[in-house]
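Trainee: Please find one structure pasted underneath; my questions will follow.
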Amino acid sequence: VHPVATTGFGRGADVYAASRPGYPPEILDWLRGALGIERGSDVLEIGAGTGKFTSLLVDSGAQVTALDPVATMLEHLIADFPEVRP
């Protein structure tokens with residue numbers, strides 16, 4: 001990750017989490033139908049950020065592992081979703 005992106009996202013994680021809109025709940029149907037993600041599925045979310053999409057993965061019942069190269073973004077996700085493995 002470019003240092004400018006790391007610094008910018010790192011400093012702005014709280015603002016990003018508070019201001020970026022989430023995903024429509026209909027995506028949960030797509031996760032289940034098209035991708036077959038269901039309770040007990042193992043999912044690796046790459047580029048998880050602060051967890052905007054993670055919430056839908058958690059709602060699907062999947063066991064989620066989240067990866068993000070910016071530590072402060074991932075820390076935000078961990079605080080909101082303690083059941084997710086970083």
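The values are calculated or read from the model by the stated rules, or taken from the named source; none is laboratory data. Since we're looking at a predicted model, the values are computed, not measured. Ideal geometry is used to build each Cβ from the backbone, glycine not excepted, and the neighbour counts take in all protein chains shown. Side chains included, ligands, DNA and RNA excluded: accessible areas come from the protein's heavy atoms. Shrake-Rupley method; radii C 1.70, N 1.55, O 1.52, S 1.80 Å.
Trainee: Quick one: net charge around LEU74, please, counting Lys, Arg +1 and Asp, Glu -1 for every other residue with C-beta under 15 Å from its C-beta.
Mentor: -3
Trainee: For the chain, which whole-number percentage of the solvent-accessible area (1.4 Å probe, protein heavy atoms only) is attributable to carbon and sulfur atoms?
Mentor: So the carbon and sulfur contribution to the accessible surface is 59 percent.
Trainee: Still on this structure, I have one more. Which of VAL58, VAL70, VAL15 moves most in a GNM of the chain, Cα contacts under 10 Å?
Mentor: Checking each option, the largest mean-square fluctuation is seen for VAL15.
Trainee: Also: In whole Hz, with x marking every Gly and Pro, tabulate ³J(HN,Hα) for region 45-55 from phi via Karplus 6.51 cos²θ - 1.76 cosθ + 1.60, θ = phi - 60°.
Mentor: Values per residue, Gly and Pro as x: 9, 9, x, 5, x, 8, x, 4, 7, 4, 4 Hz.
Trainee: Then there's this: Please identify, among GLU75, GLU26, GLU38, the residue showing maximal mean-square fluctuation in a Gaussian network model of the chain using a 10 angstrom Cα cutoff.
Mentor: GLU26
Trainee: Obtain the nm distance between the two label points defined at HIS2 and ILE46 by a simple spin-label model: each point lies 7 Å from its Cα along the Cα-to-C-beta direction.
Mentor: 2.0
Trainee: Ordering SER19, SER55 by how much accessible area each has at a 1.4 Å probe, largest first, what is the list?
Mentor: Reading off the accessible areas and sorting them downward yields SER19, SER55.
Trainee: How many Å² of accessible area per residue for the chain, probe 1.4 Å?
Mentor: Accessible surface, normalised per residue, equals 61 Å².
Trainee: Once each part is reduced to its C-alpha centroid, what is the distance from region 53-78 to region 13-28 in angstrom?
Mentor: For region 53-78 versus region 13-28, the Cα centre distance is 12 Å.
Trainee: Now for a different question. Can you match Cα Rg over 2.2 N^0.38 Å to one of these, (i) 1.85; (ii) 1.10; (iii) 1.04, based on a calculation from the structure here?
Mentor: So the structure-derived entry is (ii).
Trainee: Connecting C-alpha atoms closer than 10 Å in a GNM of the chain, tell me which of LEU74, LEU35, LEU57 has the biggest fluctuation.
Mentor: Of LEU74, LEU35, LEU57, the most mobile in the Gaussian network model is LEU35.
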